[in-house]
Amino acid sequence: MSRQATAGYSPTQIGLHWVIAALVLFQIIFGDGIKDLGRALKRGTEPDTATVILGNLHIWFGAAILALTLWRLALRITRGAPAPAGGNTITLGLMKAAHGLFYALLLAMPVTGLVAWYLGVHDAGEIHEAMKPVFVLLIALHVLAVVWHRAVLKDDTMARMLRPGR
Ligand code: HEM
Ligand code: HEM
């Protein structure tokens, strides 16, 4: 995906990575809020305050993830990303596939969520829910890969997402 090799990620790219990561974790941990809100609205029962707050935050945070991801992709294309810290054809291929799948999910999750919620398309909601375990697995693999770089390969991969390059 990289158009240019830069010395490192920019402060904006790093900030976007961590803000999006925090929002995604919130969405996954508190995903039940919007399910409960949808159920209450369908049944015509009064949702409790926590459900209303968590349900609405799910919509706003999800829409924010979509907007921030579009910004992030625009930067990725115009500014580029640093060349990989190292690796062979297989690990570099896996990394590219994992990052590509991340971007696909960061777009597909909000889009299917919005279509399900505002247009009432049931199948979009099913797809939205089915993508959850894929997302969780990918995050686990991503974190394991970062730990592997730190503990085994002892390279600067983690530092690249903490300290901006030029
Ligand atoms: C939870 C949601 C997360 C998402 C959606 C996510 C997504 C991504 C994506 C798409 C990239 C590739 C950036 C690019 O070059 O375009 C990336 C890089 C990176 N992520 Fe995450 N990430 C998440 C969480 C984390 C966590 C928890 C850590 C730390 C343990 C982490 C550490 C890193 C590092 C160090 C890189 C840089 C890899 C490199 O320089 O090649 N990420 N992340
Ligand atoms: C990257 C952004 C998003 C993530 C990671 C995410 C994640 C989740 C998760 C984990 C669940 C619970 C699934 C389950 O426990 O089986 C859920 C449910 C749901 N989300 Fe999202 N979501 C995102 C964006 C959105 C947006 C923008 C909307 C728009 C309103 C939305 C609408 C929904 C709905 C309606 C449900 C309930 C589906 C049902 O009960 O059939 N989501 N989401």
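The values are calculated or read from the model by the stated rules, or taken from the named source; none is laboratory data. What you see is a predicted model, and the numbers here were worked out from it, not measured in a lab. FYI the Cβ positions are ideal-geometry reconstructions off the backbone, even for glycines, and counts take in every protein chain you see. When the accessible area is computed, the model is the full protein with side chains, heavy atoms only, and any ligands, DNA or RNA have been set aside. Shrake-Rupley method; radii C 1.70, N 1.55, O 1.52, S 1.80 Å.
Computed about the Cα centre, the dipole magnitude for the chain is approximately 720 debye when only Lys and Arg (+1) and Asp and Glu (-1) carry charge, each at its Cβ. Show that you can apply the helix-only estimate: for the chain, add -39,500 (n - 2.57) for every DSSP H stretch of four or more residues, divide by all residues, and state [θ] at 222 nm to the nearest 500. Helix-only estimate at 222 nm: -25500 deg cm²/dmol.
By accessible area, using a 1.4 Å probe on protein heavy atoms only, the range 17-166 has 71% of its surface on carbon and sulfur. For the chain, the membrane-span-like helix rule (DSSP H, alpha carbon extent of at least 30 Å along the helix axis, mean Kyte-Doolittle at least 1.0) picks out 49-78, 89-119, 122-148; this says nothing about an actual membrane.
In the Gaussian network model of the chain, springs joining C-alpha atoms below 10 Å, which of ASP48, ASP155, ASP32 carries the largest mean-square fluctuation? So, out of ASP48, ASP155, ASP32, the one fluctuating most is ASP48.
Put the Cα centre of the range 24-59 next to the Cα centre of the range 130-154 and the gap is 28 Å.
Taking a straight Cα-Cα cut-off under 20 Å and skipping sequence neighbours fewer than 8 places away in the same chain, the lysines within cross-link reach of LYS35 are LYS132.
Once a ≥ b ≥ c are taken as the square roots of the eigenvalues of the Cα gyration tensor of the range 48-119, is the result rounded (a/c under 1.5), prolate (a/b larger than b/c) or oblate (a/b not larger than b/c)? Verdict is prolate for the range 48-119. Computed on the chain, the Cα convex hull volume stands at 118 Å³ per residue.
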